[in-house]
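Engineer: Pasting a structure below so you can have a look.
Please treat every number below as a calculation from the coordinates, not as lab data. Model, not experiment: these values are computed from the prediction. Cβ placement follows ideal geometry from the backbone for every residue including glycine, while neighbour counts extend to all protein chains displayed.
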Amino acid sequence: MTHAQEPLRILAFSASLRRESLNTRLMQIAVAIMEKQGCVVDHASMAEFDCPSYNQDLDASMPAPATLFRDRLEQCDAFIISSPEYNGSMPGLLKNAVDWVSRFRPQPFNEKHGLLMSASPSMRGGNMGLWSLRIPFEHLGARIYPDMFSLATAHKGITPEGKIADEKLGERFENTILAFLSLVEAAKHEIGSTA
Ligand SMILES: Cc1cc2nc3c(=O)[nH]c(=O)nc-3n(C[C@H](O)[C@H](O)[C@H](O)COP(=O)(O)O)c2cc1C
């Protein structure tokens, strides 16, 4: 069976709840690029996956946002997250949601391809937060793409029309996403050819 005609299904969300979130704006650019490539993008919001604080006593009664996150992961070929960096690390609400979802069996992050990106007003663009975010995902068996994109001085780096202001950086952003999609596509065909 070939999957050549099937579009890639990508779950995409920004891990910020903030109305004017820079990460949400960066994700909107990424979604437009993926849709131009013919992907079916499930453009979610962190608010949908935001869970109460994890409590192992409650494993038997998963909160609805965790179940929704699991379901949406299961329906996609890959996920892409744009995450703020808080105090040199990932936002607690994202780690909390990942902890809940990690309790499902089968564990839905296992073997799922993921691309991480960030936006921050700082000079490093929140890149340190992405290194910390790799740890739980890789622990769970997710195939996190080696390149990560971090938009520095992001408060000035996105035009009002929703483009990355620096043309060369915009090209690099697009190329990172396209390379990730190629890998996901190749993996999907590989799995299809052995099934
Ligand atoms: C609690 C807190 C901690 C933060 N820590 C960092 C940090 O370590 N590194 C960084 O680049 N920005 C840090 N920031 C600034 C965020 O990058 C900035 O608020 C950013 O706009 C948040 O992402 P958002 O616009 O998508 O909500 C922090 C912000 C908050 C509220």
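Engineer: Between the range 1-54 and the range 133-163, how many Å separate their Cα centres?
Structural biologist: Each part reduced to its Cα centre gives a spacing of 12 Å.
Engineer: Calculate the dipole size of the range 72-195 relative to its Cα centre from +1 charges on Lys and Arg beta carbons and -1 charges on Asp and Glu beta carbons; express the result in debye to the nearest 20.
Structural biologist: Numbers: 13 positive and 14 negative charges, 75 e Å.
Result for the range 72-195 is approximately 360 debye, rounded to the nearest 20.
Engineer: Using Cβ counts within 10 Å as a stand-in for footprinting exposure, how do Ile158, Ile135 rank, fewest first? Present the calculation step by step, with values, prior to reporting the outcome.
Structural biologist: Numbers: Ile158 19, Ile135 13.
If I rank by nearby Cβ atoms, fewest first, I get Ile135, Ile158.
Engineer: Treating only the Cβ atoms of Lys and Arg (+1) and Asp and Glu (-1) as charged, compute the dipole magnitude of the range 1-100 about its Cα centre; round to the nearest 20 debye. Don't jump to the answer; show the numbers that get you there.
Structural biologist: Numbers: 8 positive and 13 negative charges, 74 e Å.
For this selection, approximately 360 debye.
Engineer: Rounded to whole Hz and in sequence order, give me ³J(HN,Hα) for the range 97-113 from the Karplus expression 6.51 cos²θ - 1.76 cosθ + 1.60, θ = phi - 60°, writing x for Gly and Pro.
Structural biologist: 5, 5, 4, 4, 5, 5, 8, 6, 10, x, 6, x, 7, 4, 6, 8, 6
Engineer: Counting pairs of alpha carbon atoms under 8 Å apart in space and at least six apart in sequence, what relative contact order in percent does the range 1-158 give? Before the final figure, lay out the partial values.
Structural biologist: Working: 299 pairs, mean separation 37.0, N = 158.
Normalised by residue count, the contact order of the range 1-158 is 23 percent.
Engineer: Could you rank the peptides 72-83, 174-185 by their average count of other C-beta atoms within 10 Å per residue, with the highest value first?
Structural biologist: Values: 72-83: 21.9, 174-185: 18.0.
For the peptides 72-83, 174-185, the packing ranking is 72-83, 174-185.
Engineer: Continuing with this model, one more query. Treating the beta-carbon of each Lys and Arg as +1 and of each Asp and Glu as -1, no other charges, what is the dipole magnitude of the range 48-124 about its Cα centre, to the nearest 20 debye?
Structural biologist: On the way: 7 positive and 10 negative charges, 34 e Å.
Using only the charged Cβ atoms, the result is roughly 160 debye.
Engineer: What does the helix-only formula give at 222 nm for the chain: each DSSP H stretch with n ≥ 4 adding -39500 (n - 2.57), the total divided by the residues, and the result rounded to the nearest 500 deg cm²/dmol?
Structural biologist: Per the formula, -13500 deg cm²/dmol.
Engineer: Take the alpha-carbon positions of the range 1-122, form their convex hull, and give its projected area averaged over all directions (one quarter of the hull surface) in nm².
Structural biologist: Values: hull surface 34.7 nm².
In nm², the orientation-averaged hull projection of the range 1-122 is 8.7.
Engineer: Can you tell which of Leu94, Leu183, Phe109 lies farthest toward the positive end of the dipole of the chain, using +1 and -1 charges on the Cβ of basic and acidic side chains (Lys, Arg; Asp, Glu)?
Structural biologist: It is Leu94.
Engineer: A further question on this structure: Mind giving me the FRET efficiency for Arg124 and Ala64? R0 is 35 Å, r the Cβ-Cβ distance, nearest 0.05 is fine.
Structural biologist: The value I calculate is 0.45.
Engineer: In whole Hz, with x marking every Gly and Pro, tabulate ³J(HN,Hα) for the range 172-179 from phi via Karplus 6.51 cos²θ - 1.76 cosθ + 1.60, θ = phi - 60°.
Structural biologist: 5, 4, 4, 5, 4, 5, 5, 5
Engineer: For the range 81-86, take each phi angle, set θ = phi - 60°, evaluate the Karplus expression 6.51 cos²θ - 1.76 cosθ + 1.60, and give the result in whole Hz per residue in order, putting x for glycine and proline.
Structural biologist: Values per residue, Gly and Pro as x: 10, 10, 10, x, 9, 10 Hz.
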